[in-house]
Amino acid sequence: MRIFEFLFASWVFAPIFFNGFKLYNQRMERVDSDTLQSPARNAGPRRQTLAERTLPLRYPLFVLVIVVAVALGQVVEDALDTVTLEMFSAPISIPRWTLVLLTLYMLVMLRVIQRTARNSLNDIRTTVTVDEQTFQSVCARMTRIPLRWDLLLVFVSLVLVVLLFPVLNSPLPITRNPVTNARTFLPENWLNAAMVVAAYTLVGWAALSLIVTTIRSGMALGELTRLPLKLNVFETENVLPLGRMALVQSLAPAGVVLLLLMGLGTPDRPLAWFAFLLASLASVLALFLPLRGVHHQMCAAKKGALTLVNAEMSEIHRETMTAAPPDATRTGYLANRLNTLIGLRKVIQEGPTWPFQSTVAVSRALLVASAPLVYAVLNELIRIFFIDPLAR
């Protein structure tokens, strides 16, 4: 049943996430020679990440090391409950692989948020009408968190893991014994215990880093959208990078919750449902809250353009009604002018007020942000109307 749910969710949401990632990956492959010339790219000294400071390797290799360490921790846990390694034999232990995939996703999203912000800031610089110092101060808060924060998060994660498992002797959280349904605890062998503690410490660090990076980038993006922007109601391409950044940030919590739902199942307790709904709401808020500033500015620009068009249409109406005797040449000109204004008013009214290409694009972004909630609802409907009747 769990495998069916996993495959069904992947089939349903793969096109959604493909469209979402396609939106913010359009300009990720730029060469450094193009981006280094931008003031936004040079906005303050670049702060190295923990991966870049501790390992003289490329980020993908660093991610591989972390993922392998987490996988080894799960293998140790898997070996404690039964003789068979469920991670490598049928039926495969999806919950244990979920933790590995979740760690990979979080590490990838850390790099995606960083690169998207860097490229988007490069694109948006000419739209933000502020001095270079103000723009740089905002850009500095949208880069990856500093090294000292990384070290602090590693320490916090380690303290929490040690407090939970060795000190309080809490059961390991991923899965129970597949035969007896008994809880699994930290192994007595110090080497195995160290591997499990290290694995959960890395998972905790990745989760805390993603949370801090998302919140920090979201707050900086909100401040950026409140700065004066050059807006054109007939051409909104220049503000699309703002929507791209917000979409990436909303994917961080949405993807984490969705992976947990597919791997560990839907919540079965009121407290778990509350946490799930709170996380789903956070994903939606991460999409729209940082964009309120640009939304208000786009609404004001749209209202101002409509006011000018309506004022000129009113003037044409007044002249037409008061003109005596009517001038055929002038009347023809006013008629053509009125038709042009009517077309312009329609274009302005249908224009977006969010930094996305159209209203349909806004709906797609909202669908991506609310993917966990949609999945949970579909999963419950399938269980109620299809799986439960067949199981009777």
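The values are calculated or read from the model by the stated rules, or taken from the named source; none is laboratory data. Only a predicted model underlies this, so the values are computations on that prediction, with no experimental measurement involved. Using ideal geometry, Cβ is built from the backbone for each residue, glycine included, and neighbour counts are taken over all protein chains shown. When the accessible area is computed, the model is the full protein with side chains, heavy atoms only, and any ligands, DNA or RNA have been set aside. Shrake-Rupley method; radii C 1.70, N 1.55, O 1.52, S 1.80 Å.
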What is the distance in Å between the Cα centres of the stretch 170-247 and the stretch 292-322?
-> 44 Å
With DNA, RNA and ligands ignored, accessible area of Met87 (1.4 Å probe; Å², nearest 10) | 0 Å²
Using Cα pairs under 8 angstrom and six or more residues apart, how large is the relative contact order of the stretch 300-376, in percent?
-> 35 percent
Calculated FRET efficiency for the pair Thr322/Thr359, C-beta based, R₀ 51 Å, to 0.05 = 0.80
Measure off 7 Å from each Cα along the Cα-to-Cβ vector at Leu191 and Arg141, then give the distance between these two points in nanometres to one decimal.
-> 4.9 nm
Probe 1.4 Å, heavy atoms of protein chains only: per residue, the accessible area of the stretch 173-327 in Å² is 50 Å²
Thr129 paired with Asn336, simple spin-label distance in nm, labels 7 Å along Cα-to-beta-carbon | 3.3 nm
With N residues in the stretch 211-271, what two-decimal value do you get for its Cα radius of gyration over 2.2 N^0.38 Å?
-> 1.59
Report the extension gain between Lys346 and Ala69 in nm, rounded to one decimal, defined as 0.36 nm multiplied by the number of residues separating them, less their alpha carbon distance.
-> 93.9 nm
How much length, in nm to one decimal, is gained on full extension between His295 and Tyr59, taken as 0.36 nm per residue of separation minus their Cα-Cα distance?
-> 81.4 nm
Spacing of the two label points (7 Å from each Cα toward its C-beta) at Thr307 and Arg148, in nm | 4.7 nm
Mean projected area in nm² (Cα convex hull; one quarter of hull surface) for the stretch 148-289 | 12.1 nm²
